[in-house]
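Here is the structure we will look at, set down as structure tokens.
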Amino acid sequence: MDLITSKDNLKIKYVRSLSSKKFRDQENSYVVEGIKFVGEAITEKANIKFVLFSESALDKNEAKTMENELKKVNADVIACTDIVFDAVSDTINAQGVLAVIKKNDIDDIKLLKNFNFAVMCDRIQDPGNLGTIIRTADAFGPAAVIMNKGCVDQYNPKVVRASAGAIFRGNFIHGDDEEIIRGLYEQGFKIYSTVVESDFTFDDIEKSDKICVVIGNEGQGVSREIIEASHMNITIKMSGRAESLNASIAAGISIYEIRKKLL
């Protein structure tokens, strides 16, 4: 295996460019880092374009085992010096392993017909929140994760890490509000928006064949247009003194409770 020693190498420049959403969209690819995440990518049969190992990582048994697994599936494996790897790594304590993966977006709103549960993210902007929502949807799925304009890119490195591997199994759909709402109605979904104040709670939701829960923007909540298009707007009743919950915590409670309302 050849060893890359220059930061100006074309592969290294390519990986560095994927830190930009524009380039990720152009290449339909993203980066995952670390033994655990790259291992999950292999397990989930993600479309791996190539894997980059640092020179020192290849001296460790875990990385050697992973290299052998990658060779079995004919994946492109590349080695570079530690200095070069550090130049492209997005993590503080890099483990010396990263992979470039092809995206698995669905995008066509009509494919909602394949799901009876959906989680719509309305302009979620914090990467940690979106990653955690994707992880929770995966835990209580199968679910389609719908993102409208204004959401942080789900392939942002911080979102990928927060998803804890769920990014490889996610069913992602994108669109504008009008297109999404129309698609949900056409596919027979009941839409429940989570809001700060409402007379309705989870107990007021009836059993349904198809349900979509909407999680709103961290600062502004669910948009007025989506609220008006929803079948019901619900709130999490709290007995303590906290005025509100973090978006991903509220999403976790809502996804768990509303998922139980499916027939």
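Scanning region 215-238 for residues that are surrounded by 12 or more Cβ atoms within 10 Å (Cβ to Cβ), within 14 Å of PHE202 (Cβ to Cβ) and among the aliphatic types (A, V, I, L, M) yields MET232, ILE234, ILE236. Do you know which of the residues in region 1-53 that are assigned to a strand (DSSP E or B) and open to solvent by 50 Å² or more (accessible area, probe 1.4 Å) is farthest from ASN156 (Cα to Cα)? Across region 1-53, the extreme among qualifying residues is LEU3. Pairs are defined by a Cβ separation below 9 Å, a sequence spacing of at least 6 or placement on different chains, a first member in region 65-83 that is under 18 Å from LYS11 (Cα atoms) and free of Cβ contacts under 8 Å to residues at least 60 places away in the same chain, and a second member that is assigned to a helix (DSSP H, G or I) and of a type in the set (Asp, Glu); the pairs so defined are ALA75/GLU69. When region 27-49 is filtered for residues that are on the phi > 0 side of the Ramachandran plot and without any contact (Cβ under 8 Å) to a residue 60 or more places away in the chain, only LYS45 remains. So, GLY188, is that one free of Cβ contacts under 8 Å to residues at least 60 places away in the same chain, farther than 22 Å from ILE253 by Cβ, touching a Lys or Arg at 6+ places or on another chain (Cβ under 6 Å) and surrounded by fewer than 23 Cβ atoms within 10 Å (Cβ to Cβ) or not? In short, yes. Here LYS110 passes the criteria (1) within 24 Å of the chain's Cα centre (by Cα); (2) not in a helix (DSSP H, G or I) except the one numbered (2). Restricted to region 65-84, and to residues that are out of contact with any Asp or Glu (no Cβ under 8 Å at 6 or more places or on another chain), surrounded by 13 or more Cβ atoms within 10 Å (Cβ to Cβ) and in a helix (DSSP H, G or I), which residue is modelled with the highest pLDDT? Within region 65-84, the match that is modelled with the highest pLDDT is VAL84.
The residues listed here are ILE124, ILE133, ILE173; of these, the one that is open to solvent by less than 50 Å² (accessible area, probe 1.4 Å) and in a loop (DSSP other than H, G, I, E, B) is ILE124. Evaluating ALA87 against the criteria (1) under 20 Å from ARG16 (Cα atoms); (2) assigned to a helix (DSSP H, G or I); (3) modelled with pLDDT under 90 leaves one unmet condition, (3). If I filter region 239-263 down to residues being hydrophobic (A, V, I, L, M, F, W, C) and over 21 Å from the mean Cα position of the chain (by Cα), which single residue comes out as surrounded by the fewest Cβ atoms within 10 Å (Cβ to Cβ)? By that ranking, first place goes to ALA242.
For the subset of region 85-121 comprising residues that are among the hydrophobic types (A, V, I, L, M, F, W, C), in contact (Cβ under 8 Å) with a residue 60 or more places away in the chain and in contact with an Asp or Glu (Cβ under 9 Å, 6 or more places away or on another chain), which member is most open to solvent (accessible area, probe 1.4 Å)? Filtering region 85-121 for residues that are among the hydrophobic types (A, V, I, L, M, F, W, C), in contact (Cβ under 8 Å) with a residue 60 or more places away in the chain and in contact with an Asp or Glu (Cβ under 9 Å, 6 or more places away or on another chain), the one most open to solvent (accessible area, probe 1.4 Å) comes out as ALA94. Of everything in region 140-154 that's more than 18 Å from LYS45 (Cβ to Cβ), in contact with a helix residue (DSSP H, G or I) (Cβ under 9 Å, 6 or more places away or on another chain) and not aliphatic (A, V, I, L, M), which residue is most open to solvent (accessible area, probe 1.4 Å)? Once the filter is applied, the top-ranked residue is LYS149.
The values are calculated or read from the model by the stated rules, or taken from the named source; none is laboratory data. This one's a predicted model, so the numbers in the text were calculated from it and none came from an experiment. Cβ atoms come from the backbone with ideal geometry, glycine included; neighbour counts cover every protein chain shown. Surface accessibility is based on the protein's heavy atoms, side chains included, excluding ligands, DNA and RNA. Shrake-Rupley method; radii C 1.70, N 1.55, O 1.52, S 1.80 Å.
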